[in-house]
Each structure stands twice: as C-alpha cells, then as structure tokens.
1. Looking at (1) under 23 Å from residue 130 (Cβ atoms); (2) free of Cβ contacts under 8 Å to residues at least 60 places away in the same chain, find the lone condition where residue 243 falls short.
2. Residues to consider are 161, 134, 138; find the one that is part of a strand (DSSP E or B), touching a residue at least 24 places away in the same chain (Cβ under 8 Å) and surrounded by fewer than 17 Cβ atoms within 10 Å (Cβ to Cβ).
3. In the list 272, 217, which residue meets the criterion of being assigned by TED's automatic domain parsing to the domain that holds residue 140 and not in a helix (DSSP H, G or I)?
4. Can you name the condition, by its number, that residue 223 falls short on among (1) touching a strand residue (DSSP E or B) at 6+ places or on another chain (Cβ under 7 Å); (2) assigned to a loop (DSSP other than H, G, I, E, B); (3) modelled with pLDDT of 90 or more?
5. Report the residue count in region 164-199 for those that are surrounded by 15 or more Cβ atoms within 10 Å (Cβ to Cβ) and either part of a helix (DSSP H, G or I) or within 17 Å of the chain's Cα centre (by Cα) (or both).
C-alpha cells in the first residue's frame, strides 16, 4: 500500500483526479485488510444503487431474489460536511525535495475530497487563503463538485503572507450546518494566536483538525556551512551557522510544534504533524477516524 501513498511517487502523476483515486483506492484497500482499522461494519439499512456506486457494496443475494440493485449502508456512512481551509501563503512554496509544501497540501486535499465525496457521499468545500480569501468553493454534493474542487486546488499558488483571521470569518459567515473543518498550513505564527483564531469554529459544533505541514529540513536542517536564510513571506534575512541550527533552532522548532499540539488539543481540536517526505495515510486516517466518531 505504501507505494500508493508515497509523495515522491505521486509527484509523477499529472492529474489530481487520478492521483486522488490512486491514493484513496490504495488506502481503502489497506483498511479492508487491516484487523485494527476500517469502515464500520455495523449494518444499518439498504439504499438504491446509483451509477458510480462501488459494486463491491451491492447485496448480490438480494439482487438474485428481487433483480434490483441495493447497496448495504453501514453506520458511520451518514452524510456530513467537510470544509478544507488551505494556506497558500508564500512560505508554502518551500521545498528541500521533489515536493513543495504546497504540492503536498494539494495531494492531501485532493485525496480527502475524493474520499469524502466518492466514498462517503459527503458534501465538501474549499477555502484557499493567504492574507485574503483567494478562492471559495461552497460545500456541495452536486454533480461536478469534485472537478470544481480539483480545479481550485490546481490554481492555488503561494503568495503574500498568512492571515488566519480572514478565512475563519469568511467560513463562519457561510456556516449553516456543522461538520468537519480541516486547516492545512505550516502554521508559522504564535500557537496562542493560531488557536485563539481557529478555536471558535468548535463553538458551532464542528470537528476541527489542524494538519501542521512541514518540510523535513524545517524540522532538522542540514547545513554544510554558514548560510543566509531568507523568510519567504517577509524577505527578512538571517545568518545561520550549522551549530546554531543543530541546537538553538531545533530546540525552538520542537517547542513550537509541541506548544501548538498541546494548545490545539486543550481547545478541543485535533492536531496532526505531517512531513512532506512521509506517506499520506496519516491525514486520511485522521479524517476517517474523526468522521466515524462524529457519527
């Protein structure tokens, strides 16, 4: 299964639709083989087959008796609403390998949308932001929604600085039903400010997940000599030596990650650190676990 989730392999797939299908099909196949995790197996009801449904869920015994196609519907398959808030600020263009953080974020979002709409029959929407809301696709299950979401992901390009306040206000103004909100960002901001801004989404009954996306070199930088680092959002420059990177910087980034994680959990939200050289399954598992728990 891992080869279907390896970001370096996925980078060779040019179509987000094909990429998402590859990731989700491999992921779901792995879940069905796993004794510890999978889709709920508690039968709830039947529903009529519609074109595009997975034929593996058809009750063929019932079809043999009635000559009508019905799918077994399981508990945990009731519809919900997913909104992804995608950080497209300049810092998301950073990369030390084949994929930038923005590329990886697109892969995550596309796979979650595919899993949500095709596998779970959920409504899904997208907010792309930096210091402004750059794109908004209202959550929907109407035909063509997946294509609209993929198009918006394709045109999302890093620019400007991060401002979490504006997309959150935008999201709340259009929030008519509770569901799940997933924020994908590198979260280069004070953990206190991040949680203070995002936590109000919980007051509306939403499940909120922070996917903290970092490049491996941002966690453990490998410098061969003195270097000049440039902030991608402010253009501020700083001279760094290897010893400083191994000690002071590593201690600070570890403290930032831990503080953001602990403050997020204390506020009743969920947190997952994602690194751009790791398979995508952590994001998909987090989403599916919370979605099933919410039902």
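The values are calculated or read from the model by the stated rules, or taken from the named source; none is laboratory data. What you are looking at is a predicted structure, and each value in this text was computed from that prediction instead of being measured. With ideal geometry, Cβ positions are generated from the backbone for all residues, glycine too; neighbour counts draw on all protein chains shown.
1. With (1) under 23 Å from residue 130 (Cβ atoms); (2) free of Cβ contacts under 8 Å to residues at least 60 places away in the same chain applied to residue 243, the lone miss is (1).
2. 138
3. After applying the criteria, what remains is 272.
4. Condition (3) is where residue 223 drops out.
5. Residues that pass the stated criteria total 21.
Rundown of residues vs (1) exposed (fewer than 15 other Cβ atoms within 10 Å of the Cβ); (2) more than 24 Å from residue 214 (Cβ to Cβ); (3) assigned by TED's automatic domain parsing to the domain that holds residue 288, yes/no style:
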{"residue": "67", "(1), (2), (3)": "yes, yes, no"}
{"residue": "93", "(1), (2), (3)": "no, no, yes"}
{"residue": "104", "(1), (2), (3)": "no, no, yes"}
{"residue": "107", "(1), (2), (3)": "no, no, yes"}
{"residue": "111", "(1), (2), (3)": "no, no, yes"}
{"residue": "125", "(1), (2), (3)": "no, yes, yes"}
{"residue": "130", "(1), (2), (3)": "no, no, yes"}
{"residue": "146", "(1), (2), (3)": "no, yes, yes"}
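Yes/no matrix, rows are residues, columns are (1) modelled with pLDDT under 70; (2) part of a strand (DSSP E or B); (3) farther than 23 Å from residue 145 by Cβ; (4) within 27 Å of the chain's Cα centre (by Cα):
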{"position": "78", "(1), (2), (3), (4)": "yes, no, no, yes"}
{"position": "83", "(1), (2), (3), (4)": "no, yes, no, yes"}
{"position": "92", "(1), (2), (3), (4)": "no, no, yes, yes"}
{"position": "96", "(1), (2), (3), (4)": "no, no, yes, yes"}
